[in-house]
Structure formats: structure tokens, C-alpha cells
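Below you'll find the structure, written out as C-alpha cells, and then a few comments.
The values are calculated or read from the model by the stated rules, or taken from the named source; none is laboratory data. It should be emphasised that the depicted structure is a prediction, and the values quoted were computed from it without experimental measurement. So basically every Cβ, Gly included, is an ideal-geometry build from the backbone, and we count neighbours across all protein chains shown.
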């Protein structure tokens, strides 16, 4: 039960008409039943969950390299699946998981929680409402308040796979358009150790879409003023812009300046409601009330963008986003 | 189970280490156990709750005229009490309840939820931190999005007792000062029917504090743009100002103007987190971790202000806030 | 040539098709022709100006007690008049000046510069456009950045006549409605010396209008964060609100907070454009292109409000605004 | 006397201690002396100005292709020179003008007016004050409210030379750093006619600086909500951000939304004060009070950036900004 597992556990407790039958973790101890009292049973082997015919859906919140095999096992057991991002690291494993999910005909949702942020959804509302007109420019500012531990950096898959992947998904979600080409200007500006680990911590990523529009994402692993999460979509009829969520609406006017609170600290604060909405949406999809809002294809396409970004960083040139042959629409 | 009862029920479900043993309502039906499945037992006679020695605390969310008698019964049964505002309508009953609570030595908290709004708390932080310096001017804007039903208006005790009472409590909470004198300019500007019922719907209330500072509250029963809840505290060293909470941080810039979302609709939206924090604080007080954050005295003082306001409206002159003889500090 | 005289002099230089023929000041010295090089002639006796048939209009920027006699002399000489506020201190003198201006049929404009502030004008636009609906509540925040010298305080005529008079004029201008009754809560909170001089420095003034709407002005002689000039007009269809003008639109997000620039320091900064627009409007009125935008009646009505405010402060009760018998519309 | 010539003429009228001796324009007519009454003499041949020994400085506001020859003539006549941007189109001519100015030892300022915008200057203040820490990311949003005429487009030198050149100068001014490499994603999204004329109207330009930091400029020839001019500078200690200047600070809260005024329409409105400050600064430099604030080198470097941008657009790859060999510091 890592950070995100605990987020989902707390939200499940707040949602009606759902029972937490199991929590599986190989490091679960005797203290866990008391700690996770809402769960009916704590197990160390996740197959125990898959063997229980009463279980309808599972949530996979493990390290990324385990995502494909657990997805495959769950799909074969006929369980609907919510899987944290990214869906995997290895292309072959990912595609096998994808095929298995399709063949077993189970539901599968990727945990791109920002799709459920009410502020970003308002931009989509404006687009769908025709307020934006023809889309022309997308801008995403995405900066973390502080870099992760070096341990995390090393097993994260790199900034594009770990952090920018959310922005890549947002780029597709906000615009409803597909990216054709990516160019990355990146550097190590926050912490030399990140560079020593073979990664970067600061980047500006230009997106050229198939429909001719353009976009830019800027990333930093450290914004000292907090989690900086802004998006703007500009078009022929106007611009919609989502600003940061601040800790409060209260300001102080003093003899030196007028000061406001900083943006909420990090994703657990900023997206606290989005995580709950995401979960409710998934449960509704499991019940058949609507399609999953973030599909396996979405998960793979975000990875394709991350791969192209890495390639561009290495080549110093713009790079095409490789098509995924199994998807008709790509 | 009225509107506020349901708010508290939902929040109790989200709080750990608390058991909802009973819900009592004289109109409870056979459907209630399913509807309120978290409650162990649904009863129609609240005395059943008071007779259960396992019950540690009760929440009174009934019509105002029942507050004193239920408070007295609960206090005598040794239960800690959370009571919705106002603590009562009738002075004699209120003071009897107050005395009983004191004598029985139970905890008692009044439901002034706005004390738990994080935005308003930031103003208090600034004051306590010395940023404001000597307090000079307090301004409270408090406007509802739409008037209540005429039925509600008639049994509400009037605008001061029903609506402004929150602002009176805020005036004391934000400033940590006591009001000496009140002057009201009031009128019927929203709906003539409110006037026919003997009430007003629009008011500007001037407060003169014992420490020399001044304040103003403006009220309206109808702000078409939503729940308008702003406070500013001005002093010798600066001003702290809490603005409205908007539905989102997203704006749209079009050919005519730049538009933002409206303030959140009403108290259930604006104070959704405050209600939960309020409850957690009360439960912590029950457990003896700290004093109740909004005492019986606070409840009575807000009523004294409402009474003085009504007197001023009738006399057309400023009126003193009557002292409550039982309180040493008044 | 005091502070405001210099403001008008500089603006006249920026306006086309106007000639500064004279500057009159009893303390003018030999250095003045060089200092005020745009003026054709510097004189110490203002009658010299009035005797020049080429002079079409005069601007009176002297101490208030001289306004009536200079107005009378200028009117008798057939000059159009721009006179700084207030139009005088003494009722008898003011009314004599008013009658003379009417009899001599010259144009007369009072220098209520805030009527020409583009931000406040936008509120009037919204009202005239029907956006506000029926007017219900007016709020004016008006705080100076620092108190004037004690010398100035003593000859200012008191806070209502010197400072609030602008707000009283705004109350009428913004609403296009007349005030019936005034109640003042006032105190000395900034500087005890102001109290010793028989004045106050902090006030909350409730306005009850003849049309039933209500308003409130809050004043302070010292807002450490700069000139605080905000107005909001609330009605049945919505609210229009003019916020402060800040020194820049630039913010800084640091590890402690997000800070913005303070409001522009004082009236010379905030109303720099309004003063020029005011002058252009007066010159246009002199040329017969439109009526003066702020009449002698407006000047007298603001004084009536100041007088009622002073009476209320002394009586501790709301006071009626005395009618001015010579005005048909009052 | 084109648009910008008139801007400078009006500002000169507002500045003390300067005499407009001449206006030269080959299309000047008999009406001009009345129209430009502040100018002592209207001529059609600019050499007449250069031959007048009383003339100390000249302002060149002609079409760009005339800038170098007029600069050379004015330098040889010993006049200090203010020249509108860009300093020329043709490299050879520009460098000849540059060498002549150096040899003749006259002052030369390029008209990058945005350097004098108080909002952008505040960002520089924050940088110079150390608030930003190490610079990491620069973002410039620069969108015109409407495209120019097709005539203008055709003789403009293209979007980078005409419009982005201001942003390139800002990139250097705000950061005090030099750009090493440029990558452009550009397209025709506003008007196909612009494409037919061989130009683009929408672009995202990535800047990689010599010091390792990165930047992005986004341009559009048409933002329907007005002139969109925002800059943010992000670094290790914080971010400074200049927002748009709106037509007023007034908002309207209605039943649908909260609406604010749009950004000021275009450069004549947004930079009205900056143009005057620019001129005052140039005149002060002419008087020897300080160095010119925007040198010939600055003018050339902005052109180098525009050239690299054009090259990148054509090649589809990032391109190095060519060094200018004559500048020691490059």
C-alpha cells in the first residue's frame, strides 16, 4: 500500500455501495487488519483476490513493472481493472496486456486522475461548447513542488514516463486531437544528481498535432512556490485558461505588497477531489452505466508520446510519435 | 433528518473512529434503516438515545424551538452536545438550557460552521500573527443566492436570527472583540411577500465594538450570482480579505469579455469542508483533546446581537447589545 | 499653485486647443514665469484675469474659504468656472455664489475628479445598461494611504467635508439616487492628535436612499498598503465592482506566498487620467459641446451630506439630509 | 507620418524641454503645418533636417528598408538617432549602418518599446533583486488582436521580423541571457491568405539559451479577446509573472458568470505609457545622462533570432543563432 494505494483506499471508504473485500500486498503485516479496517481481508498473494468469484473489480497500484502481468492475470480472471499510470514500461508486455484485456472483454481504466479535475474539465466544456472555435495553441504548465527521492528517480522510467506522461494525456484530453511530432528542449537545472542518474529535471516540449494546431508543455521538478498546474487552450473564438488552486482565497495587504496563499502543495492536495471522482467514474463504468473515461488506448498513447519525447531529447531534433498498429484510429 | 442533519450524517461516515448508534426522528419510516445504513438504529423518540449509556455525544439538528428542551434532556443524561444554531428562540428557555449544561458539566458546541472555513481562518491567523496591528474596520458581505420558502421565512425567527446570526458570530470570531452597539438600515427589496410576513430581506448593519473599532455587515436574501461570502479585517498594519470561492479557477476570454465561474452556489457547496472540520473538532473536544471551539456563550452572544439588531430596525436608532448577566466576561 | 493647481497645469499642457493665459497666485515670485513657462502671464491679483476680455474660463484651486468670493467675482465677469471641491464652507456664501452663477448664466463645474475614473464609470455603464436591475446595496471603500499634516487637518473642515465629500458625490453619481438619511459610526483610531483637533480619522457611514436602497462608506485616514478606492453596486440582476488599480500586473510566487504590487499610492497616481479627462470634459462644456458633468447643485448636495454626517456623529443617531430649498429637484 | 510617427509626435508634445524642429515626410501636404502645429517646420526632404546644425537628434519612423540609409546619413551628420525596429532587412546594409554609427560616435537607440513597460520591468526588478534565483524557464505569450492588412503582411518581412522580433528582444531583456538555438513550430491557422503570401500566423518558438535555461514564445496574429501580452520568468527561487492590462478593474457578477473587461485592445493602448517613457529615456541619453537603454547591438541580435527562427521553420529542425562577428560580447 503505497501513497496512491492509500489515496484510493480513503476514497473508497467515502463512496456508497462498494465493498472493499481485499487488500493484497506482499509486505502486509499483522497490523494491517486494524489499520485498514474497512477491508474485509488482507492478503499477501494477489491471486487470492482473483480466485474469489465475488470480486468484480480490482485496482492495480503496484510498481509499474508489475502492471502488465497483473493486468493479464486479472483480465483472465474476468475482473474489471483500474490500473495506475503508466500501464507498463516494456512495449511487448504492454501490448500483450492490451490484447488480453480486449480478448477477455473486461473493462480497463488507466489512472490519469487529472481528467477528473473540475478546473480542467471546464476547459473541455468550453471546447465542446464551441466557445474556443478552431483550436490553435495549447499550453500546459506542469511543475512539481520538489523533486522525488533519487531512489524514485532511478526507477521512475525518466521524467517523461513518470511526470510528463500526465501532461501528454492532458494534451490529448483537452484538445481531443492527436499529436504528430514532438520536440524537446531539456536540461538538468534543479539537481545535478538527477543528471548523474541519466535523467533531466527541466523541459520545454513542443507538440505538433495532426490537425495543424500546436502545443507546449513546460516541466520542472521543483517550483518552490508549490504545485504549478495550469492549462490554456487558445482558438479562433477565444481562450479558456485554468489557473492554480490556492490554499485559500484570503489575501493580506501590507505596507510592502499584497500577498496571497501559494498553490496547494502537491497532487494529493490539488487533486484530492479528482481522485474521488475518478474512482466513482470507474465504479459506474464497472456497473455498466457508461464507458470507462480513460481507456487502455489512452494509456498506450501517452507512453508513445513519452517515448517520442525521450527520442527527441537524445537526437536534438523533432521526432514523430510512432503509430500503434493495433489501434484502428491511430 | 432535515438538510443539515443529512450534511452531518454524510460527514460522520467520512470520519474514522466514530459510530453512529442512533438517528432519531419523529417522522422516521421503515425505509430509513436502508437509507441511513450507517446508523445502527433508527428511532422516533429521542429519549431512547439518551437512555443508552453507550452514547457519548448527541447532535441536535431539529427546529430551533426544540433546541432548549432537547439540550436540557441531553445534559441531564450526561451526553456531550452539538447543537445547531441558534441555540433557541426564547430567552428564558435558552438560559435554562445554558444553566443546565453548566451544572451537568457536559460539553456543548454551537454549530457556527463558518468558524471552520479555511479562508476565514486565514484572517484570524493574520490577526493572531500581529499582521493586522490594531483592528479598526471589519467588513462582512453575506448574501444568499435565493430567498428561502415563505414557510421557512415565517418560522425562521426573522433575518437576524436566521441568517445574520452567522455574521454576528463571525464578527466576534474574526475580531476577538465584543460589540457594544448596533445600528440597522433594513428594507424589503427582494420580495414583498417577505415584508408581508413581517420580515426584511436587505440590511446594512453597523457594529460599534467595545474596543472602539467599527464593523459593517451587509445582507441580502438574493444575490443572483450565488452565495456571496466575503470578509475583510482592516487595521493599523494592513488588511486581510477573504474572497468568494468560485466553482472553478477556469476563465474564458472571448470577444466580449473575460468570464470566470460564479461563486459556489450556497452553503452546502461553500462550506462542505467546514462542516466536516467542525464535526471533527467537536469529536476531538468530546474526547477531551481541546475545548469546544464554539461555546454556549458564543451561541447566546450571537442571539443578543440579533435581538439588538431587531430593536434597532424597529426604533430606527442604534441600540446597545444587552449584557448577559450570567457571563462574567460580558 | 498648490498640489491640485499643479496637476491641472500639467494636464492643460497636454490638451490641444487651449491657451493658459494667466496663473494668479498671491505668492508668485520672479521664478514663476520660468517654472510655469506655458502660462503667458503670472500675476498676483486674480482680478487681472477677470478683467481680461480674452479669458473665457477660469479654474479656482485656492483654499476652500476663498471659493465663494472668487466664484462670485468670476461669474460677474462672465467667465465660465471650474472650482475645486468643496464649493465652500459657509452656507450663506455658498448659496450666494450659487445664485450669482445662475443669474450670470455662466458655466460652473465642481472638481469631483472620481466621476471621470474609467473604472467607476464602468459601474455606471452597467447600471445604465440595466445589468444591475433594481439597485439595492452600494458599498464604497475609501481609505487614504496616510493622514494629512495636522495643519491641513485643522483647516480641512473635518473628514466629511474634506475626504468623505468625494464619497458622498460618488454615492449619488454611481446610483443616480438621492440620500435621505445618514448614520455615522466614527472614531479616532489612527492618530490621537486628529482627535485633539476635534476631528475623527475612521468612520463607517450608512446611507439610506429615498428610493429605499442602502449604502455604506468606510473611511480611514491611513491604509498602510496604499490608496484603497473600491466601489460595488449590488442589485436585483447582479453586482458591478471596481477594484483598486495596482502599481503593476506583475506578481511574484516565492516559497512563502504569491505577492502582487500594492494599489497606486494616492490620488495623484490613481486618478492621473481622471484629472485629465475631467479637464477635457470641462473645456468641452465651455465650448458648448455638452452640459458640465458635475454641477454646482452636485457640489452643494455633497456638502449637505457632509453636514448631515457631522450632525449624526455628534448626535449618535441617524440624521436626515437637509433639503436645499433653491433646487427644484430636491 | 505613419501610426508610430504620430505616437511619438503626441508624446513629444507632452515632454518638457524638447523642441520639435522638423517633421519630414515625402508625402507632406499644405495641411500638415496646421495638423502638426507643434513642429516648427514641415519638409519633404529629410536631408534638410540633417543640414540644420541646431538639430541634435532625429527619430526614424519610416518603412524598414529605409532605416539603414537614413541611419547612415544621420550618423554622418552627427545627429543622435532613435530608430524604429527592425533596424533594417538587409544584413549588409545593417552592418554598414552599425559601423557608421560606431565610427561617427553618435548615440543610437532602437525602438523596442516593451522594454519600457512597467509590468515587464517589474520582472527584471525581481531578477536583478535575486528573487528568481537561477533562471530556468522563460515564457512569453504574444498575440495580436487582429492580423494586419495583406499589404502590410507582404512588406513586413514575415512574422518573425515584424512581430516576434519584439519577443526576441524581450527574451534577451527579461533574462539578460543570450539565446543559442531556436526551434519553431509554425502554421497558418488564422487566415489562408497569409499562407499564400508565404508567411505564417501562428507559432511556438523554443529558445535554448547559452546558460542552459530554456524559453518559449507563442505567437498568434489574432486573439479575439484583445492584445495578449504576458511574460513569466521561472527560476530556482520563484517565478515572476506579468499579466495583461485590462481595460478596467471593474467586474460584473451576473446570473451566468463573473465577467471582467478584456485586455487593452492593441499596442497603442497597452504601451501608451511605455512609448512616452522610451522617448524620455532616449532624450535623457542624448543629454548624456545615461547610456541608451536599447542599443544597435540589441537591434541586430533580435534580427539574428528572427533569421534563425525563419531558418528553423524552413528546415523543420532547431537552428543555431548565428554570431555577429563584430560584437565583442557575442
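Answer yes or no: is there a residue in the stretch D:107-118 that is touching a residue at least 24 places away in the same chain (Cβ under 8 Å) and surrounded by fewer than 19 Cβ atoms within 10 Å (Cβ to Cβ). Working first, answer last.
Going residue by residue through the stretch D:107-118, those that are touching a residue at least 24 places away in the same chain (Cβ under 8 Å) are D:107-118.
Add one more test, that the residue is surrounded by fewer than 19 Cβ atoms within 10 Å (Cβ to Cβ), and what stays is D:118.
Yes - at least one qualifying residue is present in the stretch D:107-118.
Tally time: how many residues in the stretch D:234-247 are more than 10 Å from chain C (Cβ to nearest Cβ) and in a strand (DSSP E or B)? Quick ask: steps written out before the conclusion?
First, pick out the residues of the stretch D:234-247 that are more than 10 Å from chain C (Cβ to nearest Cβ): D:235-236.
Then drop every residue that is not in a strand (DSSP E or B), which leaves D:235.
Total meeting the criteria: 1.
Could you grab me the full set of residues in the stretch B:128-140 that are buried (at least 19 other Cβ atoms within 10 Å of the Cβ) and either within 19 Å of residue B:294 (Cα to Cα) or more than 8 Å from chain A (Cβ to nearest Cβ) (or both)?
In the first step, residues of the stretch B:128-140 are kept if they are buried (at least 19 other Cβ atoms within 10 Å of the Cβ); the result is B:131-132, B:135-140.
Within the stretch B:128-140, B:132, B:135, B:136, B:137, B:138, B:139, B:140 meet the criteria.
Just the residues that are surrounded by fewer than 18 Cβ atoms within 10 Å (Cβ to Cβ) and either under 27 Å from the mean Cα position of the chain (by Cα) or more than 8 Å from chain A (Cβ to nearest Cβ) (or both), please, taken from the stretch B:248-269.
Initial filter on the stretch B:248-269 (surrounded by fewer than 18 Cβ atoms within 10 Å (Cβ to Cβ)): B:255-256, B:265-266, B:268-269.
B:256, B:265, B:266, B:268, B:269, listed by residue number.
Could you check residue C:143 against (1) within 14 Å of chain D (Cβ to nearest Cβ); (2) closer than 27 Å to residue B:185 by Cα and say which number it fails?
Unmet for residue C:143, out of (1) within 14 Å of chain D (Cβ to nearest Cβ); (2) closer than 27 Å to residue B:185 by Cα: (1).
Can you tell me which condition residue B:90 does not meet? The list is (1) at pLDDT 95 or above; (2) away from chain A (no Cβ under 14 Å), and all the others hold.
(1)
Pull up the stretch B:183-228, narrow it to residues that are within 14 Å of chain D (Cβ to nearest Cβ) and in a strand (DSSP E or B), then point me to the one that is farthest from residue B:139 (Cα to Cα).
Narrowing the stretch B:183-228 to residues within 14 Å of chain D (Cβ to nearest Cβ): B:220, B:222-228.
Retained after the next criterion (residues that are in a strand (DSSP E or B)): B:220, B:228.
Numbers: B:220: 15, B:228: 13 Å.
Here the answer is B:220.
Would it be correct to say that residue B:128 is touching a helix residue (DSSP H, G or I) at 6+ places or on another chain (Cβ under 9 Å) and farther than 27 Å from residue C:238 by Cβ? Before the answer, list the steps.
On the way: touching a helix residue (DSSP H, G or I) at 6+ places or on another chain (Cβ under 9 Å): no; farther than 27 Å from residue C:238 by Cβ: yes.
It is false that residue B:128 is touching a helix residue (DSSP H, G or I) at 6+ places or on another chain (Cβ under 9 Å) and farther than 27 Å from residue C:238 by Cβ.
Based on what the data block shows, is residue B:285 touching a strand residue (DSSP E or B) at 6+ places or on another chain (Cβ under 8 Å) and either more than 14 Å from chain A (Cβ to nearest Cβ) or buried (at least 19 other Cβ atoms within 10 Å of the Cβ) (or both)? If you could, list the steps in order and put the result at the bottom.
On the way: touching a strand residue (DSSP E or B) at 6+ places or on another chain (Cβ under 8 Å): yes; either more than 14 Å from chain A (Cβ to nearest Cβ) or buried (at least 19 other Cβ atoms within 10 Å of the Cβ) (or both): yes.
In short, yes.
Being in contact with a helix residue (DSSP H, G or I) (Cβ under 9 Å, 6 or more places away or on another chain) and closer than 23 Å to residue D:239 by Cα is the filter; apply it to the stretch A:207-217 and report the residue that is surrounded by the fewest Cβ atoms within 10 Å (Cβ to Cβ).
Kept after step one, since they are in contact with a helix residue (DSSP H, G or I) (Cβ under 9 Å, 6 or more places away or on another chain), are these residues of the stretch A:207-217: A:207, A:209, A:211, A:213, A:215, A:217.
Within this subset, residues satisfying the condition of being closer than 23 Å to residue D:239 by Cα are A:215, A:217.
Details: A:215: 29, A:217: 27.
Result: A:217.
How about the stretch D:107-127: which of its residues are out of contact with any strand residue (DSSP E or B) (no Cβ under 8 Å at 6 or more places or on another chain) and more than 14 Å from chain C (Cβ to nearest Cβ)?
D:112, D:113, D:115, listed by residue number.
Any idea which residue in the stretch D:113-145 is farthest from the chain's Cα centre (by Cα), counting only those that are in a helix (DSSP H, G or I) and more than 24 Å from residue D:208 (Cβ to Cβ)?
Initial filter on the stretch D:113-145 (in a helix (DSSP H, G or I)): D:113-116, D:118-128.
Among the residues that remain, those that are also more than 24 Å from residue D:208 (Cβ to Cβ) are: D:113, D:116, D:118-119, D:121-122, D:125.
Working: D:113: 5, D:116: 10, D:118: 15, D:119: 16, D:121: 15, D:122: 18, D:125: 20 Å.
Across the stretch D:113-145, the extreme among qualifying residues is D:125.
Every residue, every condition in (1) within 14 Å of another protein chain (Cβ to nearest Cβ); (2) at pLDDT below 95; (3) within 27 Å of the chain's Cα centre (by Cα), yes or no:
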site	(1), (2), (3)
A:3	no, yes, yes
A:8	no, no, yes
A:13	yes, yes, yes
A:17	yes, yes, yes
A:24	no, no, yes
A:37	yes, yes, no
A:41	no, no, no
A:45	no, no, yes
A:48	no, no, no
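Go through A:178, A:135, A:146 for me and flag whichever is over 13 Å from residue A:205 (Cα atoms) and touching a strand residue (DSSP E or B) at 6+ places or on another chain (Cβ under 6 Å). So that I can check it myself, show each step before the final result.
Values: A:178 fails: touching a strand residue (DSSP E or B) at 6+ places or on another chain (Cβ under 6 Å); A:146 fails: touching a strand residue (DSSP E or B) at 6+ places or on another chain (Cβ under 6 Å).
That would be A:135, the only listed residue that is over 13 Å from residue A:205 (Cα atoms) and touching a strand residue (DSSP E or B) at 6+ places or on another chain (Cβ under 6 Å).
Could you grab me the full set of residues in the stretch C:141-155 that are surrounded by fewer than 18 Cβ atoms within 10 Å (Cβ to Cβ) and without any contact (Cβ under 8 Å) to a residue 60 or more places away in the chain?
Hits for the stretch C:141-155 are C:149, C:150, C:151, C:152, C:154.
Every residue, every condition in (1) in contact (Cβ under 8 Å) with a residue 60 or more places away in the chain; (2) within 25 Å of residue C:221 (Cβ to Cβ), yes or no:
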{"residue": "C:256", "(1), (2)": "no, no"}
{"residue": "C:263", "(1), (2)": "no, yes"}
{"residue": "C:266", "(1), (2)": "yes, yes"}
{"residue": "C:276", "(1), (2)": "yes, no"}
{"residue": "C:283", "(1), (2)": "yes, no"}
{"residue": "C:289", "(1), (2)": "no, no"}
{"residue": "C:295", "(1), (2)": "yes, no"}
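Out of the residues in the stretch D:146-177 that are within 14 Å of chain A (Cβ to nearest Cβ) and not in a helix (DSSP H, G or I), which is nearest to residue D:302 (Cα to Cα)?
Across the stretch D:146-177, the extreme among qualifying residues is D:177.
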